[in-house]
Amino acid sequence: MIEAISTLTSANLTRSPAWQASFSIDGKYLAVCFGNPNTHVKIWQCCKKRTDGDSGSGGDEEEWKLLATITQDGGHTRSIRSVAFAPTSISYDVVPILATASFDGKVLIWEYCNNDNDEDTMQEKNNDEDTGHDYISSNSVTDEQSTYFEPIAQLEGHDNEVKDLAWNTTGSLLASCGRDKTIWIWECFLPGTIGGVESTNNMNVDEGEAFECLAVLQGHDGDIKSIAFGPSHNQWGEGEEILISASYDNTIKVWAEEAGDWYCAMTLGEDNVPRSIPSSSGGIVHTSTVWCVGFAPGGVRFFSGSDDGSMAVWKLYTATERKKLFPNEQVVSSTDGLWKCVGRLPDAHSGHAVFSIDCAPTRAGHGRIASAGGDNSINIYREESLASGNGTSDAPKFSSEDVAADAHDGDVNCIKWHPRDGRCLVSCGDDGAVKLWRYIR
C-alpha cells in the first residue's frame with residue numbers, strides 16, 4: 001500500500017503548479033520547480049532528527065528542511081518547467097549541482113553555496129560517515145537566507161519553451177528538449193563528472209568551459225515532452241548510451257551515437273501492437289501525445305505514458321534476437337538491436353492522461369512502477385510472477401497493486417522514487433502541493 005507521510009508544500013489551487021521533482025543521487029536533496037504566476041524552485045535537505053523513546057533510548061528520524069529557494073530574480077524570466085540534479089558525487093569537495101529549464105528557452109546550471117557554518121556542516125558529514133548515518137543532523141542546516149544556489153552557467157539554443165532535462169548516469173552529458181521540436185545534448189565538465197575536475201575548490205567553473213554542445217537532434221513533428229538516457233548495451237552505434245524522447249506527435253524516438261555524431265536509430269509507435277497486447281485503436285501503441293518515458297533498472301525495458309490514458313512496456317532485443325524473431329523489421333544498421341512493445345495497460349488512469357512514470361531503483365528490491373495522471377491519482381504497479389504462468393519476458397503482465405485516489409487536488413504532474421529508499425516517493429501536482437509517500441509491501 002501507499003500512504004501519505006508528509007506535505008512539504010500545501011495544496012492551494014490559486015498558487016503556482018508544482019511541475020517536476022528531482023532527488024540528488026544520494027537522496028539527501030530534493031528540488032521541485034513551480035510554474036506561474038510565481039515561478040520558483042524549492043530545495044529541501046534531508047536531516048536526522050533526534051527523538052526520545054519511551055524507555056529513554058532515542059533514535060533518528062528523517063526530516064526534510066527547506067534549504068533554499070530560487071526565484072525569477074535568479075536568472076529565468078518565464079515559467080520554470082524542469083529541474084534535475086546532476087548525478088555527481090556529493091562530498092566535501094563536490095557540491096550539489098542543479099539544472100533548471102524554463103519557457104524562456106534557457107537552461108541554467110546552479111551550484112550550492114553556504115555562507116555560514118561550512119566548516120561545521122562538513123564536520124557533521126564526517127561524523128555521519130564515521131557512524132554510518134546517511135544524512136547530516138538538523139542543527140547543521142543553516143537558515144535559508146545564508147544558503148543559496150548560484151547560477152554558474154547558462155545554456156542557450158532552444159527557440160522557445162524548454163520542457164524537460166535529462167542527465168546521463170555519469171553526469172558527463174546533459175540533454176534538453178522543447179517546444180521547438182529539438183533536443184540539445186551538452187557535454188559537461190563540472191566537478192564530479194567524467195572529464196570534470198575533481199573539486200570546485202580547484203577551479204572557478206567558467207560558463208564558456210563547463211559545457212560544450214555536442215549535437216542538436218531534429219526529427220519529431222511536435223513538441224518533445226520527455227527525454228531519458230539509458231544504456232546502449234552495444235546494440236546501437238559506438239556510444240555506451242542511447243537517448244529516448246517522447247513527443248506530441250504520438251511517437252517515441254531512439255537516438256544513438258556513432259563516431260561522435262548522434263542519429264535517430266528508431267521511431268517507435270508507428271508499428272502495430274501484437275494481437276496479444278490490448279490496444280485501443282487499430283493496434284497503435286499510443287494514439288495521442290506521449291507525455292513521459294522512463295527506463296527500468298538495467299535498461300533492457302522502458303515504460304511510456306500517453307494522453308490517451310495508456311501505459312506501454314518496451315523491451316530491448318539484441319541484433320541476434322531481432323534477426324531470429326523479427327527478420328522483417330527495418331533497422332538503420334544490420335548490427336542494430338530492436339525495441340518492441342511487449343505490454344500495454346490501455347486504461348492506466350481511468351481514461352485520463354499519464355503524465356509521469358518512474359521505476360523503483362534496484363536497491364529497493366521490489367521492482368514496482370509508480371505512475372501519476374490526470375485523474376489526480378498515483379498508481380503502484382507490480383509485475384506478475386513468471387513462475388505463476390501469468391506472463392513471460394516477451395509478454396509481461398502488470399497489475400495495479402495500490403491506488404492513492406485524489407492524491408492531489410488536480411493533475412499529478414510528477415512521481416519519483418527515492419534513489420536509495422525503496423519505501424519513499426515524492427509527488428507534485430497542479431495544486432502546488434509537494435507530498436512525500438511511504439510504500440509498504
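Computed quantities for the displayed model
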{"read-out": "Order of exposure, largest accessible area first, which applies to Glu156, Glu111 with probe 1.4 Å", "value": "Glu156, Glu111"}
{"read-out": "Inter-centroid distance (Cα atoms) of segment 373-426 relative to segment 291-307, Å", "value": "12"}
{"read-out": "Cross-link partners of Lys65 among lysines (Cα-Cα below 25 Å; sequence separation of 8 or more within a chain)", "value": "Lys28, Lys42, Lys48, Lys49, Lys125, Lys416, Lys435"}
{"read-out": "Computed log₁₀ I(q)/I(0) - Debye formula, equal Cα scatterers, no solvent, segment 318-420, q 0.10, 0.15, 0.19 Å⁻¹", "value": "-0.40, -0.78, -0.99"}
{"read-out": "Local net charge near Asn38, Cβ-Cβ under 13 Å (Lys/Arg +1, Asp/Glu -1)", "value": "+2"}
{"read-out": "Rg to Rh quotient for segment 215-257, alpha carbon positions, Kirkwood Rh", "value": "0.99"}
{"read-out": "Extent along principal axes [Cα atoms of segment 223-371; Å; largest to smallest]", "value": "44, 37, 30"}
{"read-out": "Accessible surface, 1.4 Å probe, highest first, among residues Met311, Met266", "value": "Met266, Met311"}
{"read-out": "J(HN,Hα) series, segment 367-374, from Karplus relation 6.51 cos²θ - 1.76 cosθ + 1.60, nearest Hz, glycine and proline x", "value": "x, 6, 10, 10, 9, 9, x, x"}
{"read-out": "Rounded accessible area of Lys106 (nearest 10 Å², 1.4 Å probe)", "value": "50"}
{"read-out": "Packing-based ranking, highest mean first, of 329-335, 241-247, 20-26, 404-410 given that Cβ atoms within 10 Å are counted", "value": "241-247, 20-26, 404-410, 329-335"}
{"read-out": "Cα Rg, Dmax (largest Cα-Cα span) when computed across segment 277-355, Å", "value": "13.7, 41"}
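The values are calculated or read from the model by the stated rules, or taken from the named source; none is laboratory data. Here the structure is a predicted model, which means the values were calculated and not measured. With ideal geometry, Cβ positions are generated from the backbone for all residues, glycine too; neighbour counts draw on all protein chains shown. Heavy atoms of the whole protein, side chains included, go into the accessibility calculation; ligands, DNA and RNA do not. Shrake-Rupley method; radii C 1.70, N 1.55, O 1.52, S 1.80 Å.
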